[in-house]
Structure formats: C-alpha cells, structure tokens
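Each remark here refers to the structure printed beneath this line.
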Amino acid sequence: MKTRLVVATAIGAALALAGCTPPDTTDTSSPGPVPTATVTVTVAASPSAEPPAPAAPAPDFDFTSYEGAQIGSTWAQMGTQIGLAVAGNYQCAWYGQLRATELVSTYAFTDGSHPDGAGSTFFYTLMSGESASGPFPRNAEGVGVGSTKAEVLAAYPGAVVGSFDDLTVGPLTTITVPDPAGSSKYVFAISGNSPDPNMVDLLQWGSADAGTQWGHLCTGL
C-alpha cells in the first residue's frame with residue numbers, strides 16, 4: 001500500500017506541475033517587412049503678385065487752373081505755379097503764353113485795363129497742328145481740344161450747345177459747361193477747320209470773360 005501511495009503521489013504531483021506551467025507563446029517565425037508610412041507633401045504655389053494698376057494721369061486743367069497756374073494769379077505768380085517764366089506779350093501785355101507745342105498752345109489773359117497788376121481772368125487753348133490724335137491737354141473727365149462734340153456731351157450731359165459768330169474766327173459751335181462749384185465755366189468751340197469737323201479745336205475757361213472773344217485778342221493771335 002505504501003508503494004502505491006508514493007507512486008500515486010508522484011504521478012499527481014507531476015500532473016499538477018504540468019497543469020500550472022504556462023504555455024510558451026514566443027513567436028520563433030521570421031518577422032515580415034515593417035510597413036513604411038508614405039507622407040505626401042503638397043507645396044502650395046505662391047500667389048503671383050498682380051502688377052499694380054497704372055495710376056490715372058493727373059488732369060492738365062480744371063475749371064480754374066492749367067497745370068497748376070490758377071485763375072486770379074499775376075504773371076509772376078503763374079510763373080511760380082507752373083514752373084516756367086510767364087509774362088505778357090510785348091505787343092499785348094494782357095496775354096501771355098503758358099505752354100506751346102507743335103500741336104497745341106495755351107495762353108492766359110489778364111484784365112486788359114490793368115495788365116501788370118491784375119490777376120488772370122481766363123485761359124485759352126488752341127489746336128495748332130494738323131494731327132487729330134494728340135496728345136492734347138485733358139481735364140478730369142478726359143476731354144479738351146481734340147475731343148469730339150459727342151465726347152464732350154457724353155462727359156457733360158447738361159452742357160448747353162450754342163453758336164457764336166466771331167469777327168475774325170468766324171462761326172463757331174460752342175458747348176458751355178458751368179462750374180458746379182463756382183462761377184467759372186468751360187466753353188468748348190468747334191470752328192470746323194480741324195481734321196474732323198466735329199472736333200473741338202478751341203477752348204476757353206475761367207471767369208465770365210471766357211468765350212466772349214475768340215480771335216484778334218492780340219496782334220498775331
């Protein structure tokens with residue numbers, strides 16, 4: 001009986017030991033390739049800088065000035081304002097040239113009774129060339145000598161169209177535009193002698209004196 005007991009006890013201990021041993025979970029197989037993450041980097045294109053819009057050209061004149069020379073200024077004052085020497089004509093002290101090219105000339109006029117001390121009263125621009133393409137002086141609305149009647153009326157729908165029979169220049173079609181901010185005015189005139197018979201070839205502006213005489217303002221004009 002003792003021998004059987006020892007054997008049974010040994011067998012039971014072996015079985016118990018076998019049942020308590022954890023299974024071997026070690027993976028002895030060869031590892032597979034490790035996956036590599038692919039990262040795609042998208043570089044956003046820099047927005048192309050838009051070229052700056054060209055600045056609108058400054059107007060050459062308005063209701064009371066021409067290239068900086070102001071209505072009411074003396075010859076000396078206008079010379080400083082425009083950056084050129086300005087003086088009355090030796091034959092007619094009341095009118096002086098401000099600027100001239102082969103296409104267009106611009107003059108200023110003072111009070112004829114006080115030519116040396118009085119300020120300017122109006123400006124006068126005349127086409128002096130045969131070209132209809134310019135360049136010609138333009139105001140903020142883009143019109144001046146060289147513009148057609150239709151272009152002036154498009155810029156100033158309320159302008160008054162009239163006629164003027166000048167003693168030396170002859171019959172003129174006039175387009176008068178009052179200054180909404182004062183007593184000045186534009187008087188565009190069409191003589192019919194330019195390359196286009198509907199083209200403005202004369203322009204006076206400034207005080208009430210503008211548009212009252214177009215020729216024979218001085219000897220040789």
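Please treat every number below as a calculation from the coordinates, not as lab data. Quantities reported herein were computed from a predicted structural model and do not represent experimental measurements. No Cβ is skipped: glycine too gets one built from the backbone with ideal geometry, and neighbour counts run over all protein chains shown.
What FRET efficiency would be calculated for the residue pair GLU141, THR212, taking the C-beta separation as r and a Förster radius of 30 Å, to the nearest 0.05? My answer for the efficiency is 0.80. Averaged over residues, the count of other Cβ atoms within 10 Å places the peptides 120-127, 64-71, 211-218 in the sequence 120-127, 64-71, 211-218, highest first.
Pairs of Cα atoms nearer than 8 Å and 6+ residues apart set the relative contact order; for segment 61-206 it is 20 percent. Cα extents for segment 61-206 along the principal axes, largest to smallest and rounded to whole angstrom: 39, 34, 29.
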